[in-house]
Amino acid sequence: MTEHPSLADLTPGICSVTLRSHGIEDVVRISAEAGLAGIEWGTDVHVSDIGSAAQAKVATESAGLTVLSLGSYYRCGTFGDFDRPLDLAAALGAPRIRVWAGGLGSAEASPDAWESVVKDSQRIADLAAGRGIAVAFEYHGNTLTDSPVTTLQLLNRVNHPNVGTYWQPAVGLSDQQALDSLHEVLPHVVGVHCFSWGPAGERFPLRNRAGLWQTVADVLRGNGKDLDIMLEFVQDDLPENVLSDAVFLHALTLGED
């Protein structure tokens, strides 16, 4: 009798940047009302110091939600003070810190720029591992993780067990191109940022790309590795659109149509 691998659990969450204009308590309330399971707290607005990190932790856990990660804006290659995001993550109770793979697109980055990002990533990965916190690259344009090929090159050069990557559909890609990019980086994906944008960055309801996201969810579930799939940006930044997108996201994580 053939044994089939168990399907992965997908945790429906949200990035706090989705509700950037709302305070910590409101972000938690809206997320809980939407039935989401966890929050990635960003350092752009909400988690700016140890006090706000502790506040976000208490508010999140009091609502029965989980802190999924710290969304930092640390740029690898700068050799900056990484103790600050580590201290924030610890106060927040975040198991992972999201970082950015430099400040240049892969086509513009010189060999020296690549080397700086690699060395700094290894440095912060060691620091984070020492505190039981993982590191993941933002999968994004104008960084070295702006394509699946360069993302794999970077991960292979960093070669650190404490480093993975997020994934999201790059703006302007067709559904098939986006899926192809996911398949290429899939072994390293530790979380997904979930949104539906048009080719010029227009924001639509999540279900406008239902075919893409249903297939993404099937691929992630079949990969056998539990991970977070987090709403990031909704149409017009409105809380009611968080609620409606969350309904569709729940269906995705449960494998429903």
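Bear in mind these aren't lab numbers, they're just calculated from the coordinates by the rules spelled out. If you're wondering where the values come from, they're calculated on a predicted model, not measured in any experiment. So basically every Cβ, Gly included, is an ideal-geometry build from the backbone, and we count neighbours across all protein chains shown.
Mind listing the phi-derived Karplus ³J(HN,Hα) values for region 199-208, rounded to whole Hz, using 6.51, -1.76 and 1.60 with θ = phi - 60°, and x for any glycine or proline?
x, 9, x, 5, 9, 10, x, 4, 5, 5
How much net charge surrounds PRO199 when only the other residues with a Cβ under 13 Å from the Cβ of PRO199 are counted, with Lys and Arg +1 and Asp and Glu -1? Provide the component values of the computation, followed by the final result.
On the way: positive: ARG203, ARG209; negative: ASP175, GLU202.
Within the 13 Å Cβ shell, the charges total 0.
Given points 7 Å out from each Cα along the Cα-Cβ axis, report the ALA200 to HIS250 separation in nanometres with one decimal.
For ALA200 paired with HIS250, the spin-label model returns 3.5 nm.
Any idea which of SER244, VAL216, VAL234 is furthest toward the positive side of the dipole for region 216-257, if Lys and Arg beta-carbons carry +1 and Asp and Glu beta-carbons -1?
The listed residue farthest towards the positive side: VAL216.
Using Cα pairs under 8 angstrom and six or more residues apart, how large is the relative contact order of the chain, in percent? Display every interim value, and only then the final one.
Details: 493 pairs, mean separation 60.1, N = 257.
Contact order relative to length: 23 percent.
First measure r as the distance between the Cβ atoms of ALA8 and ASP49, then evaluate 1/(1 + (r/R0)^6) with R0 = 41 Å and state the FRET efficiency to the nearest 0.05.
Details: r = 35 Å, r/R0 = 0.86.
Efficiency computed from Cβ-Cβ geometry: 0.70.
Considering only DSSP beta bridges whose two residues both sit in the chain, what percent are antiparallel, to the nearest 5? Mind dumping the intermediate values first?
Numbers: 2 of 32 bridges.
Of all bridge pairs located within the chain, approximately 5 percent are antiparallel.
For the chain, with a Gaussian network of springs between Cα atoms less than 10 Å apart, report the residue from PRO169, PRO199, PRO85 with the top mean-square fluctuation.
PRO199
Run the dipole for the chain about the Cα centre, Lys and Arg Cβ at +1, Asp and Glu Cβ at -1, nothing else charged, and hand back the magnitude in debye, nearest 20.
Approximately 420 debye in magnitude.
Output wanted: per-residue J couplings in Hz (rounded whole) for region 110-124, from phi through Karplus 6.51 cos²θ - 1.76 cosθ + 1.60, θ = phi - 60°, x for Gly and Pro.
6, x, 5, 5, 4, 4, 5, 5, 4, 5, 5, 4, 5, 5, 6
Most mobile of ALA109, ALA94, ALA34 per a Gaussian network model of the chain (Cα springs, under 10 Å)?
ALA109
Sticking with the crude label model, points 7 Å out along Cα→Cβ, report the distance from LEU173 to ASP237 in nm, one decimal please.
Result for the modelled spin labels: 2.7 nm.
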